[in-house]
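Since every read-out is calculated from the coordinates, none of them should be taken as a lab result. All figures in this text were calculated on a predicted structure; none of them were measured in a lab. Cβ atoms come from the backbone with ideal geometry, glycine included; neighbour counts cover every protein chain shown.
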Amino acid sequence: MAAQLAEGQEAERATRATELAAAAEVAHDQLPTALVGLAALVPPAGGDSGATVPATDVEAWTAALDASADALGGTAEGDEDQTVTRGALLGAVGLLRSAVEGTAGLPAEAGPARQEQLARVARDRDAGVALWQAGATRLDGLVLDAGGEHTHLFLAPDGDPRSVPREFQEPDED
C-alpha cells in the first residue's frame with residue numbers, strides 16, 4: 001500500500017512539474033516583449049537612452065506580462081518545491097510588471113526626477129530577471145527529477161537570448 005501511495009505521489013509530482021514547465025515556457029516566450037522595450041529605455045549597463053515610451057508600447061508590454069501571469073497562475077500548486085518555484089516565476093513577472101508600470105509619467109526631459117524613476121524601473125527589471133533565473137533554475141531541477149529533459153527558460157535583462165549569462169546556457173551553446 002505504501003509503495004502504491006509513493007508511486008502515485010511521484011506520478012503526480014511529475015505531472016505537476018511538466019504542467020509548470022509548459023506554463024513557464026508560454027510565460028517565458030512573452031517576457032522579451034517587455035524586456036526589450038525596457039532595455040531601450042534604460043539599458044542594462046546603466047544610463048538613460050533618452051527615449052520616451054508611447055502608451056501603446058506600455059499596453060503591449062503589460063498585455064505580454066498579463067499573458068505570462070495567466071499562464072503561470074493557471075497551474076496548480078504542487079509540493080513545496082513546486083509551489084516555491086511557481087511563486088518565484090510569478091513574483092518575477094510581478095516585478096517586471098512593476099518596472100513597466102514605473103515608466104508611466106516618465107519625464108521626457110533629463111533631470112533628477114527622470115533619473116530617479118529610471119533607477120526604480122531598472123531595479124525592478126533587474127530584480128525580476130534575477131528572480132526568474134532562480135525559479136527557472138529550480139524548474140529545471142524539478143523537471144529533471146521527474147525524469148524529463150533539461151528545461152532552460154532563462155532571461156537576460158535586455159530580452160536577447162544571446163545575452164543570457166553563460167552559467168544559464170546549455171553546455172554545448174557557444
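Which part of the range 47-80 falls in the paramagnetic zone of residue 12, meaning amide N under 15 Å from the point 7 Å along Cα-to-beta-carbon?
Flagged as within label range: 76-80.
To the nearest 0.05, how large is the calculated FRET efficiency for residue 40 and residue 104 if R₀ is 22 Å and r is the Cβ-Cβ distance? All intermediate terms of the calculation are to be shown ahead of the outcome.
Details: r = 16 Å, r/R0 = 0.74.
With R0 = 22 Å, the Cβ-Cβ based efficiency is 0.85.
Could you state the number of Å between the C-alpha centres of the range 17-65 and the range 99-161?
The range 99-161 and the range 17-65 have Cα centres spaced 8 Å from each other.
Regarding the chain, what is the average projected area of its C-alpha convex hull, in nm²?
On the way: hull surface 42.1 nm².
The directionally averaged projection comes out at 10.5 nm².
Would you compute the Debye intensity of the range 32-99 from its alpha-carbon atoms alone, equal scatterers and no solvent, and pass along log10 I(q)/I(0) at q = 0.18, 0.20 Å⁻¹ to two decimals?
These q points yield log10 I(q)/I(0) values of -0.72, -0.82.
How far, in nm, would the chain grow between residue 51 and residue 150 when pulled straight, counting 0.36 nm per residue and subtracting the alpha carbon separation?
On the way: separation 99, 0.36 × 99 = 35.64 nm, distance 3.82 nm.
Going from the current span to full extension adds 31.8 nm.
Grab the DSSP H runs of the chain that are 4 residues or longer, score each as -39,500 (n - 2.57), total them, divide by all residues and round the 222 nm result to the nearest 500 deg cm²/dmol.
On the way: 4 runs with 115 residues, N = 174.
The helix-only estimate for the chain comes to -24000 deg cm²/dmol at 222 nm.
Against the longest alpha carbon principal axis of the chain, how many degrees, from 0 to 90 and to the nearest 10, is the axis of helix 112-145 turned?
On a 0 to 90 degree scale, this one is about 10.
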